[in-house]
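Take a look at the structure set out below.
What follows is calculated from the coordinates using simple rules that are stated; it is not laboratory data. A quick note: this is a predicted structure, and the numbers were derived from the prediction, not measured. Every residue, glycine as well, gets a Cβ built from its backbone with ideal geometry; the counts of neighbours run over all protein chains shown.
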Amino acid sequence: MLILKSLGPAVARVSGIEAMRAGLGALIGLGLTGLFVLSPQVDPQLGLYLVAPFGATSVLLFAVPNSPLAQPWSAIVGNTVAALVGVAVCLVVTDPALRIALAVGLAITATIQCRAIHPPAGAVAMTAAMSPDAVAQLGFWYALAPIATGTITLVLLATVYARLTGRHYPFRQFDDPSKHGTEDRNPTERLGLSEAELTNILERYSQSFNLGVEDLARLIGAAELQAATHASGPLTAQDIMSHNLITVRPETALNEIADLIRRHRFTSLPVVGSDSRFLGVIFQIHLIGMARDDAQRLDRRFGAALRRLLDRDREKPMNAANIMSVAGPRATTHTPIGALLPMMADGDTDAVPVLEHGKIVGIVTRTDLIAALSRSAARTASA
């Protein structure tokens, strides 16, 4: 039974949307490369033609862009070095079987030494070893065109496609600035572990080819957040949310919104339509942003700067619909704390609306979440 189980899928299930995203990316990447850079037809003169290994490179670049094997250095240097090795072996060894095996074996060794392991590079070397006529025509130019030219093109297209589809490629380095532009790491990644210690963990478990240090830091941070929810018990959004809500309409003027926030000391206000359906959230920071020019003089209750801003608004009225956020995270009454924690851990979101059938029934603020975790920690300590 264990043997049969081990023959099953080792990759976690992914959504159909993610599968479509990866497939569409490869289609666009290879399509544009074939249309504008390399020809689908073999051109033995210029060498500007598509080769089969580019299909394997596309799988990595568009399906698993976070893999160290898919990063620009690995792809470009790996494929190019493998091409050079393949051509050199092809020019020296005449026996086909020996030539192919030697080309692939030496390419693997060379790319590992260059810290540029890239699985399709083995196919690049093999393609060269299997094509003595093309190698005789192109020589070492084969490494530049089509291999380096095609790989660089695919990497550039993968970079653009990742940004357009909400992914990050190339992946972040461990010492990259946080999303706030400071040298501090993002809150969920402050593990107390150095880059050297994380690298040692990857090497100890032979995972350095599969995971980057940055990815490991994010995974450990996510795991710690999830583990923290176990101590809180089976709490859901319904257990900790604020029920007695103050809401505003899309046409509510900014001065009314500011008065509500100041009077109730809120950090956020939900916006609802005439049918009580949830439309968005206004955060206190949105109002502060409107008065950015006077930010130095803002006090904790917005002060004179916000008043001057509101005076200007009377000449050019602005309302809730102009500044509300509509794209933030949302929850239902049954959403567990484990799902709420990562929504607010990095500081992007101060409050998560709780919806039922499109209507807001409560809101969970960061204060609500901290209070719930504090109570849980106190109960655990006294047990």
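Quick notes
- Rounded to whole Hz, the Karplus (6.51, -1.76, 1.60) HN-Hα couplings of the range 68-73, x for glycine and proline: x, 6, 9, 6, x, 4
- Sorted from greatest to least, the principal axis extents spanned by the alpha carbons of the range 17-164 come out as 48, 32, 20 Å.
- Long-range amide H partners of Ser268 with built H, under 5 Å: Gln284
- The 3J(HN,Hα) values that the Karplus relation (6.51, -1.76, 1.60; θ = phi - 60°) gives for the range 105-117 are, in residue order, x, 5, 5, 4, 4, 5, 5, 5, 5, 8, 6, 9, 5 Hz. Gly and Pro appear as x.
- Karplus-derived 3J(HN,Hα), 6.51/-1.76/1.60, for each residue of the range 18-24, Hz, glycine and proline x: 5, 4, 5, 4, 5, x, 5
- Available extension along the chain between Ser206 and Leu46 is 53.5 nm, counting 0.36 nm per residue and deducting the alpha carbon span.
- What the Cβ-Cβ distance of Ile112 and Leu32 gives, at R0 = 25 Å and to the nearest 0.05, is a FRET efficiency of 0.20.
- The stretch between Ile3 and Glu256 holds 84.4 nm of extra length on full extension. This uses 0.36 nm per residue minus the Cα-Cα distance.
- Largest-first principal axis extents, alpha carbons of the range 1-103, Å: 48, 39, 24
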